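Each value in this text was obtained by applying a stated rule to the coordinates, not by laboratory testing. Since this is a predicted model, take the numbers as computed values, not measurements. Counting neighbours? That spans all protein chains shown, and the Cβs are built from the backbone with ideal geometry, glycine included.
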Amino acid sequence: MTLALVGPLPPVRGGISQYNQSLLDTLRGRGLRVVAVGYRLLYPPFLFPGTSQFDSESTRPDDAHAVLTAWNPLSWLRAVVLLRRARVSRLVLQHWHPFFVPCLLFVAMLSRARTVVVIAHNVLPHEHRALGRMLNPLLFRRADRVIVGSSSQRSELLAIAPAVDARVVPHPAYDRFFAGRAGADAPGTRHFARRAELELPADVPLLVHLGLVREYKGVDVLLRALAGLRGQPFQLLVAGEFYDDPARYEQLIRSLQLGETVRIENRYLPDDELAGLIEAADAVVLPYRHATQSGVAMAALAGGCPVVATRTGALADVVREGENGTLADPDDEVSLRRAVERFLDAGLDAWRARRDTIAADARRRYSWDALADVITEGE
């Protein structure tokens, strides 16, 4: 069997690029022949809100072909020619936004692959949902199998494309972020080592919010929730590139008098730095108003870090109250404050003692091999 993975790959930034890289490594690790077809650029520069679409510290995988540009049909033809020459029998498409549907649908229809598998990271996008309802079903109906990350996403998929073969495979744990890390293998041991490197006192809880900052991520809800933690010491680090106006959040921090406890790092975090913050943090806090799945959560759990999150999308499935984190209702600052309080009341020592267990459990429950099994099923 010859497979093809079509989707973003390093050095293109983003969680789906990292996801695709891990999946590529897993499939090739099974001895399968995999043709990797990536994008030259994801978005036209005038539509891209960030500083760069590329990570200068990552490199393209061996034998990957960065040929696609979503708005250039000539590049679609080049991808089809490549796939036909490779005699691809199974085509795997990474999908997350209706902007890419025309490109992916063209490739799926002309590639001559016997089987088409779509991995739908978002059945409907966070924004432009009406466009998603119009375009996304065209791609889903063309697929022989559509993989989603949660039961709620499966329900949403079947509502717009009732006849598809819908499979639920939770986002695998991002253990690759921690491979070859300096220090002892145990996440609990690395926690104290990273805190010492960052000169963080052991008795002050460090909460971190990682990844792109957008309105649906709920950072404003988190700030208002933490403002109610009077008398409880903590530090919050919001680290990631802002796709919203950072001045809005800085003003909120000032008005809530959180200047001494909240720090903002408005920049893209390379993988190594992201892993270091996960290891140093006492909890990763994800106060999403709505979500499908979260690569940040799966990186945190793979690194043994508890997660405080809202009950939305796959987060409601992977975060288990009192075991690997705590849960709150979405867009509810009181519920979120209480979830943070439950986390703190359990005691840092108790959570730190569980870090090895949290990491091992996440890697066992959410493996890349489980995803690969569903992709290759039937061959």
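Values computed for the structure shown
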| item | result |
| --- | --- |
| Per-residue Cβ neighbour rank within 10 angstrom, fewest leading, Leu68, Leu77 | Leu77, Leu68 |
| Residue-by-residue Karplus 3J(HN,Hα) for the range 237-247, coefficients 6.51, -1.76, 1.60, Hz, glycine and proline x | 10, 9, 10, x, 6, 8, 9, 9, 5, x, 4 |
| ³J(HN,Hα), Karplus 6.51/-1.76/1.60, whole Hz, each residue of the range 300-314, x for Gly, Pro | 4, 5, 5, x, x, 8, x, 10, 9, 9, 9, 7, 8, x, 5 |
| Electrostatic dipole magnitude of the chain [Cβ: Lys, Arg +1; Asp, Glu -1; Cα centre; debye, to 20] | 1520 debye |
| Relative packing of 6-13, 251-258, 42-49, which averages over residues the other C-beta atoms within 10 Å, highest first | 6-13, 251-258, 42-49 |
| log10 of Debye I(q)/I(0), alpha-carbon scatterers only, for the range 2-168 at 0.13, 0.20, 0.21 Å⁻¹ | -0.59, -1.46, -1.58 |
| Label point at Leu138 placed 7 Å out along Cα→Cβ; residues across the range 2-28 whose backbone nitrogen lies under 11 Å | none |
| Farthest positive-ward along the range 1-147 dipole, Cα basis, beta-carbon charges - from Tyr43, Val123, Ala108 | Ala108 |
| Segment Phe192-Arg87, extension gain: residue separation times 0.36 nm, minus the distance between their alpha carbons | 32.7 nm |
| Rg(Cα)/(2.2 N^0.38 Å) for the range 294-379, N = residue count | 1.22 |
| Distance between modelled label sites at Leu158 and Glu273, nm, 7 Å Cα→Cβ extension | 4.4 nm |
| Distance histogram for the chain (every C-alpha pair counted, 20 angstrom bins, percent rounded to whole numbers) | 29, 57, 14, 0 |
| Dipole of the chain, positive direction: furthest Cα of Met134, Thr189, Val340, with charges on the beta-carbon | Met134 |
| Label-point separation, Asn266 to Asp245 (7 Å along Cα→Cβ), nm | 1.1 nm |
| Cleavage-rule hits, trypsin sites (Lys or Arg not before Pro), the range 216-253, DSSP coil, Cβ neighbours within 10 Å at most 16 | Arg230 |
| Efficiency of FRET between Met1 and Tyr216 - r from beta-carbon atoms, R0 35 angstrom, step 0.05 | 0.35 |
| Dipole in debye (nearest 20) - the range 218-258, about Cα centre, beta carbon charges: Lys, Arg +1; Asp, Glu -1 | 280 debye |
| The range 35-86 versus the range 237-275: alpha-carbon centroid distance in Å | 30 Å |
| Whole-number D in µm²/s for the range 176-364 (Stokes-Einstein; Kirkwood sum over Cα pairs; 20 °C, 1.002 mPa s) | 132 µm²/s |
| Taking all pairs of distinct alpha-carbon atoms in the range 225-294, Kirkwood radius in angstrom | 13.8 Å |
| Stretchable slack from Glu321 to Leu110, in nm (0.36 nm times residue separation minus alpha-carbon distance) | 71.3 nm |
| Peptides ranked, highest mean first, by Cβ atoms within 10 Å: ranges 156-164, 98-106, 309-317 | 309-317, 98-106, 156-164 |
| For q = 0.31 Å⁻¹, Debye-computed log10 I/I(0) when each Cα of the range 71-118 counts as one equal scatterer | -1.24 |
| Mean Cβ neighbour count within 10 Å, used as a protection proxy, ranking 55-64, 16-25, 202-211 highest first | 16-25, 202-211, 55-64 |
